[in-house]
1. Do we find a residue being in contact with a Gly (Cβ under 8 Å, 6 or more places away or on another chain) and surrounded by fewer than 16 Cβ atoms within 10 Å (Cβ to Cβ) anywhere in region 233-251?
2. Quick check on this structure: which one of 124, 95, 91 is surrounded by 24 or more Cβ atoms within 10 Å (Cβ to Cβ), within 13 Å of the ligand (Cβ to nearest atom) and among the hydroxyl-bearing types (Ser, Thr, Tyr)?
3. Take residue 65 and tell me if it is away from the ligand (no atom under 16 Å from the Cβ), in a helix (DSSP H, G or I) and not aromatic (Phe, Trp, Tyr).
4. Which pairs have Cβ atoms under 8 Å, sit 6 or more apart or on different chains, and link a residue in region 197-210 that is in contact (Cβ under 8 Å) with a residue 12 or more places away in the chain to one that is basic (Lys, Arg) and assigned to a loop (DSSP other than H, G, I, E, B)?
5. Sort out which residues of region 296-311 are assigned to a loop (DSSP other than H, G, I, E, B) and either surrounded by fewer than 17 Cβ atoms within 10 Å (Cβ to Cβ) or within 23 Å of the chain's Cα centre (by Cα) (or both), and write them in order of number.
6. Would you confirm whether any residue within region 3-24 is within 16 Å of the ligand (Cβ to nearest atom), over 26 Å from residue 143 (Cβ atoms) and without any contact (Cβ under 8 Å) to a residue 60 or more places away in the chain?
7. Please find, within region 312-348, the residue that is nearest to residue 61 (Cα to Cα) out of those that are assigned to a helix (DSSP H, G or I) and among the charged types (D, E, K, R).
Amino acid sequence: MKIQPSILIIYTGGTIGMQRDENGTLIPFDFNSIEKEFPAVRHLHVNIDVVKMTPIDSSNVTPQLWTELAHTIQINYENYDGFVILHGTDTMSYTASALSFMFENLAKPVVFTGSQIPMGIMRTDGRENLITAIEIAAAQRNGYPIVPEVCLYFQNKLFRANRTSKLSAEALNAFDSRNYPPLAEVGVNINYNTAYIHYTKGWFEGEFKPEPLEVTDGFDTNVVILKIFPGISEITLKAVLSVEGLRGVILETFGTGNAPTADWFIKLLEQTIERGITVVNVTQCVGGGVAMDLYETGKRLQQAGVLSGHDMTTEAAVTKLMLQLGNNTQKESVVKGMLESKSGEFGS
Ligand code: ASP
């Protein structure tokens, strides 16, 4: 008899977890009785267990939750075929990106999802998001998971987690991945774009023998995301860059990685980099990436020692930088780590 896949749902909070009580007040949903609430889940033929963390609005998420989540998955790794993480949408892309950098040897699906409308509201998008996320986490071919990555499922699309951003506070398709195609698109069927999913050599043919899952934790939060704008003043920039203990800057620039060429601007960046601070350039556009040798305005940053963040999202860049800084005291190691794509976060 074929054994049913086992999925662990980890509930962290957010809108998806809210339902109405008898007075119409929104209260946290009891995911322990998920099969009673959603009989449809039984038709998926999966065994489901639930771990409930203290539910929080994801605006209150800190690297502590990322660490707890990664270790919860590591502890339960051998006992489950896949993991579904229910998370508030506001910072889901940050958490999901962080986890994608923390794991080594990940060979099972870790699918993040949430909802824009609470589970307890008739028109909720949470029900479909949850059920499909479970189905994706359980999906196998030849006994091997179809999506052995950290990914994010929302409104009919599965994305590589560290390529996503929340782009709408209103639309039900709130997330997008502008620089990398969806890993799956969901209509009547779930159509996996296997060409874009990362597989180790020999996957599906049984040649691959997984190594134990390893977790790297330790985030250094002495970083800043600095979004430049026309009119940014020297005094503000100086104040931000001279914060005590600062070790990393994600510089959100214009277009393909361009910034003012004013002497004071370049000089401040040079002085910052000379102090051993790592500065990474990402675009403030929602799609595309930086190409610092295209314009003089980008070239000056490159000459000052600013690193290219390629086409990384800000969410991926800042979580990756925090993890690099938390695990390396030498700047060269941080630079090397930032310039290598660890989990498909940049490039094609
Ligand atoms: N504020 C909520 C959160 O991120 C929004 C949501 O879940 O959609 O936790």
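1. Looking only at region 233-251, we keep the residues that are in contact with a Gly (Cβ under 8 Å, 6 or more places away or on another chain), and these are 247, 250.
Checking the rest, the ones that are also surrounded by fewer than 16 Cβ atoms within 10 Å (Cβ to Cβ) come to none.
No, region 233-251 contains no residue that is in contact with a Gly (Cβ under 8 Å, 6 or more places away or on another chain) and surrounded by fewer than 16 Cβ atoms within 10 Å (Cβ to Cβ).
2. Values: 124 fails: surrounded by 24 or more Cβ atoms within 10 Å (Cβ to Cβ); 91 fails: surrounded by 24 or more Cβ atoms within 10 Å (Cβ to Cβ).
Answer to the selection: 95.
3. On the way: away from the ligand (no atom under 16 Å from the Cβ): no; in a helix (DSSP H, G or I): yes; not aromatic (Phe, Trp, Tyr): yes.
When the stated conditions are applied, residue 65 does not pass them.
4. 208/201
5. So the first thing to find is which residues in region 296-311 are assigned to a loop (DSSP other than H, G, I, E, B), and the list is 305-306, 309-311.
Across region 296-311, the qualifying residues are 305, 309, 310, 311.
6. So far as region 3-24 goes, no, none of its residues is within 16 Å of the ligand (Cβ to nearest atom), over 26 Å from residue 143 (Cβ atoms) and without any contact (Cβ under 8 Å) to a residue 60 or more places away in the chain.
7. Just the residues of region 312-348 that are assigned to a helix (DSSP H, G or I), to begin with: 314-327, 331-339.
Those still in the list that are among the charged types (D, E, K, R) too: 315, 320, 331-332, 336.
Values: 315: 13, 320: 16, 331: 27, 332: 30, 336: 28 Å.
Among them, the one singled out is 315.
Yes/no matrix, rows are residues, columns are (1) farther than 19 Å from residue 215 by Cα; (2) out of contact with any helix residue (DSSP H, G or I) (no Cβ under 6 Å at 6 or more places or on another chain); (3) polar (S, T, N, Q):
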site	(1), (2), (3)
301	yes, yes, no
304	yes, no, no
309	yes, no, no
313	yes, yes, yes
318	no, yes, no
321	no, yes, no
333	no, yes, yes
337	no, no, no
345	no, no, no
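The values are calculated or read from the model by the stated rules, or taken from the named source; none is laboratory data. Note that the structure is a prediction, hence the values are computed from the model and not measured. Cβ sites come from the backbone with ideal geometry, for glycine too, and all protein chains shown count toward neighbours.
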